[in-house]
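What follows is a short report on a single structure.
The values are calculated or read from the model by the stated rules, or taken from the named source; none is laboratory data. What you see is a predicted model; the values in this text were computed from it and never measured. Cβ: placed from backbone, ideal geometry, glycine included. Neighbour counts: every protein chain shown. Protein only, heavy atoms only, side chains kept; ligands, DNA and RNA dropped before computing areas. Shrake-Rupley method; radii C 1.70, N 1.55, O 1.52, S 1.80 Å.
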Amino acid sequence: MSLTTGKETTEVGHPHHNRRRLGVPAVTFMIIAASAPLTVLAGGVTTTFAVTGVTGVPLSFLLLGATLAVFAVGYAAMSRYVVNAGAFYSYVAQGISRPVGVGVSMVALMAYNLMQVGIYGLFGFTVSSLINERFGATVPWWIPVLVCIAVVAFLGVNRVDLSAKVLGVLVGLEFLVVIVYDVVSFVVAPEGVSGAPLSPQSLFVPGVGAVLSFGIAAFMGFESAAIYGEESKDPKHTVARATYTAVAIIAVFYAVSSWAMAVGTGPSAVVDASAKQGPDLMFGFLSDHAGVLLADLARLLFVTSLFAALVSFHNAAARYFFSLGREQVLPRKLGAVRRHSGAPYAGSIAQTVIAVVVTVAFAIAGTGSSLGDLYPVLTMFTWLTNDGAMGLVLLMTVVSLAVIGFFRKNKRDAGIWTRAIAPALGFVLLAAIFVLIVVNFNVLLGQNETNALTFILPATIIVPGLVGIAWAFRIRRSNPAVYRRIGHGEEGPAAVHLGDEEDSKRD
């Protein structure tokens with residue numbers, strides 16, 4: 001069954017075969033692009049060194065990578081049986097209950113939109129600063145943001161493999177520049193090549209909680225592989241392989257690169273240098289030791305790194321809108337796709353509108369701010385991305401339980417490690433990280449002490465989840481047919497077997 005308007009079509013019960021364009025490399029690039037390698041190193045790692053004063057940041061990436069690899073065991077296994085652009089939403093709906101699934105979908109929508117829109121704050125500041133530095137022109141930060149929103153929107157309503165190709169080129173260039181930086185850092189090594197930043201003694205000190213809280217944000221986007229399941233050439237294998245590949249690459253790459261930063265600057269000096277220079281620590285180092293041309297290229301790629309993350313998170317948010325619209329949890333029109341490309345154009349437009357509205361709101365609120373040029377970084381970027389990262393960690397924690405529930409109903413061919421032990425261990429580890437984020441949230445926001453904002457931002461994650469649960473119960477009363485379809489995506493009612501119907505009665 002379909003709803004057609006001009007060139008766009010909303011499909012309810014039939015797969016879009018022309019949407020299956022993505023292989024393992026393409027999905028992996030989409031994941032890594034969301035984590036924005038150059039942005040994490042130049043911005044995230046220097047901030048972590050500066051704020052926490054802990055030099056064991058490289059080891060934290062390995063520990064976080066191991067935690068997410070454990071989570072990925074059950075997550076990837078479930079992806080073989082549940083192929084849905086709603087990913088977290090559909091996993092929880094089928095593994096725990098439909099109401100919790102809808103609640104999770106609202107949290108996911110908020111988290112991905114917060115991450116995506118928040119990055120625009122850093123993007124606007126960076127581009128505005130570059131224009132001023134190179135051309136002497138003063139451009140308000142929100143102008144580059146609005147231009148970028150238009151470009152991202154264009155990519156969002158077109159073929160997803162076009163986005164993947166653009167991101168692939170950008171991420172490849174980022175990796176090359178960072179690899180050069182790593183090599184030069186180990187060669188320069190003013191205090192020698194020290195393994196101290198990789199030692200437990202350097203990490204497990206006061207401030208370790210804040211380090212892990214900052215570090216988990218570097219991995220955000222790795223879980224998005226399942227979102228592209230319906231657009232993958234071989235969804236039963238592509239999602240799992242892309243997830244494992246991305247986690248391994250991200251963890252090792254960030255661990256080595258942050259170690260290189262500590263070695264290149266000097267372990268005893270990296271904290272002070274990060275506090276004084278921020279992202280310029282990397283760019284200034286390249287200028288001094290690898291040439292101005294490479295430093296300028298790195299600065300340019302810093303901008304494209306942000307752009308790549310914006311495209312990736314935009315795609316993720318658009319697909320959540322699409323999945324919820326298709327199943328009529330949200331207005332049906334949000335499930336519309338373009339016939340010739342299969343792109344979820346309605347969801348893409350919805351995400352674009354949100355980005356424009358929030359950007360304009362921050363631009364108006366920041367007029368005459370005492371924060372000056374750093375206003376979009378210290379507010380829009382810092383507030384929204386940390387809030388979004390907290391939401392995504394909460395989602396993964398709940399999904400760990402969903403995996404256990406899903407395989408408890410039907411073990412299929414999953415072993416005890418896959419269906420129970422790994423998800424349970426992942427739940428414990430992710431729950432611990434979530435608690436650390438909550439405890440250190442004022443630190444992540446750059447606050448000296450707790451204030452109203454410390455509670456308002458987490459509420460923007462939690463409250464929509466509770467509203468979503470209540471909304472699901474309302475759907476169950478008013479439209480049982482739609483309720484039965486929740487979390488089953490393309491398969492629609494045909495996916496609701498007797499066991500599922502019994503589950504829905506208990507939901």
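A compact table of results
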item	result
Residue check, Phe381 touching a residue at least 24 places away in the same chain (Cβ under 8 Å), in a helix (DSSP H, G or I), more than 20 Å from the chain's Cα centre (by Cα) and surrounded by 22 or more Cβ atoms within 10 Å (Cβ to Cβ)	no
Pick from the stretch 464-490, criterion open to solvent by 50 Å² or more (accessible area, probe 1.4 Å) and aromatic (Phe, Trp, Tyr), ranking: nearest to Gly95 (Cα to Cα)	Phe473
Residue that is surrounded by the fewest Cβ atoms within 10 Å (Cβ to Cβ) [pool: residues in the stretch 312-364 that are free of Cβ contacts under 8 Å to residues at least 12 places away in the same chain and part of a helix (DSSP H, G or I)]	Ile364
Residue check, Leu444 within 20 Å of the chain's Cα centre (by Cα) and either open to solvent by 50 Å² or more (accessible area, probe 1.4 Å) or closer than 30 Å to Val377 by Cα (or both)	yes
Residue tally, condition open to solvent by 90 Å² or more (accessible area, probe 1.4 Å) and of a type outside the set (A, V, I, L, M, F, W, C), over the stretch 409-441	4
Scope the stretch 156-193; condition modelled with pLDDT of 80 or more and either surrounded by 22 or more Cβ atoms within 10 Å (Cβ to Cβ) or within 14 Å of Pro25 (Cα to Cα) (or both); matching residues	Gly156, Gly172, Glu174, Val177, Val178, Tyr181, Ser185
Matching residues in the stretch 218-245 - criterion: being modelled with pLDDT of 70 or more, among the aliphatic types (A, V, I, L, M), surrounded by 24 or more Cβ atoms within 10 Å (Cβ to Cβ) and part of a helix (DSSP H, G or I)	Val239, Ala242
Test: residue in the stretch 119-127 that is more than 19 Å from Leu310 (Cβ to Cβ) and either open to solvent by 10 Å² or more (accessible area, probe 1.4 Å) or touching a helix residue (DSSP H, G or I) at 6+ places or on another chain (Cβ under 8 Å) (or both)	no
Any hit, the stretch 60-74, residues being touching a Lys or Arg at 6+ places or on another chain (Cβ under 9 Å) and either open to solvent by less than 20 Å² (accessible area, probe 1.4 Å) or at pLDDT 90 or above (or both)	yes
Scan of the stretch 246-281 for residues that are in contact with a Ser or Thr (Cβ under 7 Å, 6 or more places away or on another chain) and either open to solvent by less than 10 Å² (accessible area, probe 1.4 Å) or part of a helix (DSSP H, G or I) (or both), ordered by number	Ala246, Ile250, Ala260, Met261, Ala262, Val263, Gly264, Val270, Val271, Ala273, Ser274, Leu281
